[in-house]
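Participant: Pasting a structure below so you can have a look.
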């Protein structure tokens, strides 16, 4: 019985959302509201339970340093008050400070020097002429693509051509990103159809499961 | 009002018709599969081969970001990878990186049955961390000392009570890191600790970020599999068949529909440009 | 005098705190000292705890916004929507106390039945939107749009076993686009983005990035 | 055991150059010395035009930094700060022209006060703090599947003249941009998140490609201190191009460039 109810709820939710393609309606609105409440409350509770485990319980057991993040977290709620909202700036400062320092630790090695070195090496690692030529295209393409993000020089003359060719590389990548997302969205679409066809029609209605 | 030319009509098909045709093309094979053969790509082979070459005792940290919405896209990859990993003699730690992930992983392990099918015991061969968001600073603390962030596992057992954790203290003790993100997500492990990376379940547009970091010989990313179609390829290559191969047909026919409409759009554009409004 | 003191507490001290927190975090990369590591181990989790605690604000904003919306508009749909919001939120909280956890089967039954199907159905729609947008936008109007379209379609062909069966060359071409032109553009994008990130981080560390503090 | 890691020297030199160059250009800006001129980024002009158009049409302007576009750590942090700058600029312009602005909040609860603060500051700069209405800040929970229909519904209910969608945006936002188009709005947007750039290329009237968003935010602020940062960033880009070329030549000459750069 629970399986039947489960499949029915699922299929109702799917069609409530898809009815949206026709126009916005009460069913689609309710489906959305249910998900808003589920996602917010579930995430909130999950986080609060975790705060209890990693901060409050250790605090009660004598790890007094945990009072600092708890107070800083609570200070965020001063935003609700007009008079004391400036206190939340301390929470943000500490968050930003920790984030800034931590971000800088690996960014240069991974995303700057690491990428420059792997791009430069590519033509030299090639085993065939095609791979070697492709490696050189990669190197030139990277330099030309980078010119697109140079803002202090007007894109005219030779630099204009460099930017134009660089843009073609960017467009090829954007095209690929688009295709990748089509594939991803299609998988999810198939998943939704599975709920209707496999889980509901075949398993429940026709009893083929 | 001037009547529309043939080109204009081809170029302005009602979007609802497009929705209907593509939706039907996707749904038909789900009812009755066609059975298109799957060909396996080089990156999928490289990914599976790397896992097959794992030495006994290899320590793996799996950053598991599976959540319910994206499961149709990546679950075939996850399931095939779990099976591959459980066939080896590895120590697996699972780091949940999405609020849904603990529920998903519980369900996946119930399907796989590590103890019954592979003789792998919780706490001895694999373990799961609880879900906690890990901002960069927290993640670095985790790499320096796992216990500074997690004192207990997902079930509330202290880490020190899990036999497999006796020798695992920090990222220095981790050999391989599995993650969906090759660019930002891997830095804290690959750069300071030289942990090798494999990318799995790289959906939602993360796949194009892999090539700058991917090299099957020098890394840091040694292999990747992303998207449902590659899930099917992984299943075929490893012989661990599942849902990935089944939904292949639906994906194929849906794409045929999309291609047809793009061709129509271009015929309309060039027809109007060169043949005018006739 | 009072004004100056107020500026110190409201603007200068927060800026100073950013610098004080950021420096040891960064030094961890360059200095091999147990004190720096100990700082990370202690302070690292703070970041996570602060952001987790902040999620309560989301709940406040959600209910406040929906309530204001209901008061503002006098239509039945908004009222029903508000009632559903309250009812489901209550149900989820009550369910936790009844079933004793968030990840047990009883709790997850509710969560999965509603949330999984809705979200998959919704994201699935994106495929249909992408199909209609492809039809409308993927037209070879210029060299750039041709390149975008060709790269996209070739990559789709490479990823579909049916197309690979019909056009076996598409696999190699698709892989090549992914491994070279895409890699070139992605590498450049990542490098320039990294520069942007470093710039903001450096500005914060020398106390010259005020955007977030001014608005906080 | 030494105090310093000796295999991170090149990386450390980069970092020092970055700090020094930022400091150098900040000093120049403080002394009112001329800075390199930044080319106009076309999409920034479209924002002002769009606000004017919304005024003529009597429709509100909508802003969103994405459903989870307010990260305060990692690579998303710089984007969050750039988006806040853009929001502040937009709010100021809307307030001066008397156009209503609706903001669709990101899911991160802890970041909501920052977004609200940017809006308040914008109204304050325009001298119209009373225009701030919390009812015009909409929150949709922690899921894009809820965010997108929420924004969609808001477009249908309130109307939309201009939609600015800029921040650390993920590809799920595509339907939102489609909706703006359906409701007759001008859409301007972009993200430094490379994977999501295509949605703007396909669905936006004016777009910021990649890091252009960060530059645009500095440019529209009109703040010399912010544009000085861009000048130092340009220097790093030239350095990177130089390293690509030098690295290639060294490697061709048989010198191991990879080892040199990882020193």
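Participant: Which helices (runs of 4 or more DSSP H) sit wholly inside segment B:225-278 and have at least 1 residues that are buried (at least 16 other Cβ atoms within 10 Å of the Cβ), at pLDDT below 90 and more than 29 Å from the chain's Cα centre (by Cα)?
Facilitator: In segment B:225-278, the matching helices (runs of 4 or more DSSP H) lie at B:248-275.
Participant: Next question, about the same structure. Taking segment D:171-188 as the search range and keeping residues that are modelled with pLDDT of 90 or more and touching a helix residue (DSSP H, G or I) at 6+ places or on another chain (Cβ under 6 Å), which one is surrounded by the fewest Cβ atoms within 10 Å (Cβ to Cβ)?
Facilitator: Checking each candidate, the answer is D:186.
Participant: Follow-up question, since we're still on this one. Among residues belonging to segment D:82-102 that are free of Cβ contacts under 8 Å to residues at least 60 places away in the same chain and surrounded by fewer than 24 Cβ atoms within 10 Å (Cβ to Cβ), point out the one that is nearest to residue A:100 (Cα to Cα).
Facilitator: D:92
Participant: Provide a single number: the residues in segment D:231-263 that are closer than 30 Å to residue D:189 by Cα and either modelled with pLDDT under 85 or more than 9 Å from every other protein chain (Cβ to nearest Cβ) (or both).
Facilitator: Residues meeting the conditions: 2.
Participant: Does segment C:192-201 contain any residue that is in contact (Cβ under 8 Å) with a residue 40 or more places away in the chain, facing another protein chain (nearest Cβ under 7 Å) and assigned to a helix (DSSP H, G or I)?
Facilitator: Yes, there is a match, as at least one residue in segment C:192-201 is in contact (Cβ under 8 Å) with a residue 40 or more places away in the chain, facing another protein chain (nearest Cβ under 7 Å) and assigned to a helix (DSSP H, G or I).
Listed here are the residues, each with its yes/no results for (1) over 21 Å from residue A:168 (Cβ atoms); (2) in contact with a strand residue (DSSP E or B) (Cβ under 8 Å, 6 or more places away or on another chain); (3) not in a loop (DSSP other than H, G, I, E, B).
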position	(1), (2), (3)
D:216	yes, yes, yes
D:231	yes, no, yes
D:234	yes, no, yes
D:239	yes, no, yes
D:244	no, no, yes
D:258	yes, no, yes
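Participant: Would you pick out the residues in segment C:109-146 that are more than 10 Å from chain A (Cβ to nearest Cβ) and assigned to a helix (DSSP H, G or I)?
Facilitator: C:132, C:135, C:136, listed by residue number.
Participant: Follow-up. Please enumerate the residues belonging to segment C:83-108 that are within 7 Å of another protein chain (Cβ to nearest Cβ) and in a helix (DSSP H, G or I).
Facilitator: Hits for segment C:83-108 are C:84, C:85, C:88, C:89, C:92, C:93, C:96, C:108.
Participant: Scanning segment B:29-41 for residues that are without any contact (Cβ under 8 Å) to a residue 12 or more places away in the chain and surrounded by fewer than 12 Cβ atoms within 10 Å (Cβ to Cβ), which turns out farthest from the other protein chains (Cβ to nearest Cβ)?
Facilitator: B:32
Participant: Need pairs with beta-carbon distance below 8 Å; first residue outside any helix (DSSP H, G or I) and within segment A:107-130, second surrounded by fewer than 22 Cβ atoms within 10 Å (Cβ to Cβ); sequence gap 6+ or separate chains.
Facilitator: A:126/A:132; A:126/A:134; A:126/A:135
Participant: Given (1) more than 7 Å from every other protein chain (Cβ to nearest Cβ); (2) part of a helix (DSSP H, G or I); (3) without any contact (Cβ under 8 Å) to a residue 12 or more places away in the chain, where does residue C:74 come up short, assuming only one miss?
Facilitator: (2)
Participant: Which count do you get for residues in segment D:1-51 that are closer than 30 Å to residue D:98 by Cα, more than 10 Å from chain A (Cβ to nearest Cβ) and surrounded by 15 or more Cβ atoms within 10 Å (Cβ to Cβ)?
Facilitator: Looking only at that region, the number is 7.
Participant: Within segment A:161-179, can you find the residues that are within 22 Å of the chain's Cα centre (by Cα) and more than 7 Å from chain C (Cβ to nearest Cβ)?
Facilitator: The one that is within 22 Å of the chain's Cα centre (by Cα) and more than 7 Å from chain C (Cβ to nearest Cβ): A:177.
Participant: For residue C:52, are the conditions met, namely being modelled with pLDDT of 90 or more, surrounded by 19 or more Cβ atoms within 10 Å (Cβ to Cβ) and within 9 Å of chain D (Cβ to nearest Cβ)?
Facilitator: Answer is yes for this residue.
Participant: If you go through segment B:104-118, how many residues are free of Cβ contacts under 8 Å to residues at least 12 places away in the same chain and in contact with a helix residue (DSSP H, G or I) (Cβ under 9 Å, 6 or more places away or on another chain)?
Facilitator: 2
Participant: While we're looking at this one, here's another question. If the requirement is being closer than 22 Å to residue A:40 by Cβ and facing chain C (nearest Cβ under 10 Å), which of these qualifies: D:79, D:148?
Facilitator: Selected residue: D:148, the only one of D:79, D:148 that is closer than 22 Å to residue A:40 by Cβ and facing chain C (nearest Cβ under 10 Å).
Participant: Inspect all residues belonging to segment C:160-175 and state whether any of them is facing chain A (nearest Cβ under 8 Å) and either part of a helix (DSSP H, G or I) or within 30 Å of residue D:24 (Cα to Cα) (or both).
Facilitator: Within segment C:160-175 (the criterion being facing chain A (nearest Cβ under 8 Å) and either part of a helix (DSSP H, G or I) or within 30 Å of residue D:24 (Cα to Cα) (or both)), the answer is no, since none of the residues qualifies.
Participant: May I pose another question? Residue C:149 - would you say it is more than 7 Å from every other protein chain (Cβ to nearest Cβ), within 29 Å of residue D:144 (Cβ to Cβ) and at pLDDT 90 or above?
Facilitator: No.
Participant: Okay, next question. Tell me yes or no: at least one residue of segment A:135-151 is facing chain C (nearest Cβ under 7 Å), over 30 Å from residue C:119 (Cβ atoms) and not in a helix (DSSP H, G or I).
Facilitator: Yes, segment A:135-151 contains at least one residue that is facing chain C (nearest Cβ under 7 Å), over 30 Å from residue C:119 (Cβ atoms) and not in a helix (DSSP H, G or I).
Participant: Cβ-Cβ under 7 Å, sequence separation 6+ or interchain: first residue in segment C:138-152 and in contact (Cβ under 8 Å) with a residue 60 or more places away in the chain, partner surrounded by 22 or more Cβ atoms within 10 Å (Cβ to Cβ). Which pairs?
Facilitator: Pairs found: none.
Participant: So, one more: Residue B:83 fails exactly one of the following numbered conditions: (1) within 14 Å of chain A (Cβ to nearest Cβ); (2) at pLDDT 90 or above. What is the number of that condition?
Facilitator: So the condition that residue B:83 fails would be (1).
Participant: Right, here's the next one. For segment D:139-154, check the following and say yes or no: at least one residue is touching a residue at least 40 places away in the same chain (Cβ under 8 Å) and closer than 23 Å to residue C:200 by Cβ.
Facilitator: no
Participant: In segment A:193-209, which residues are modelled with pLDDT under 85 and crowded, with 16+ Cβ neighbours inside 10 Å?
Facilitator: Listed by number, the list is empty, since nothing qualifies.
The values are calculated or read from the model by the stated rules, or taken from the named source; none is laboratory data. Nothing here was measured: the structure is a model prediction, and the numbers come from that model. Neighbour counts run over all protein chains shown; Cβ positions are idealised from the backbone, glycine included.
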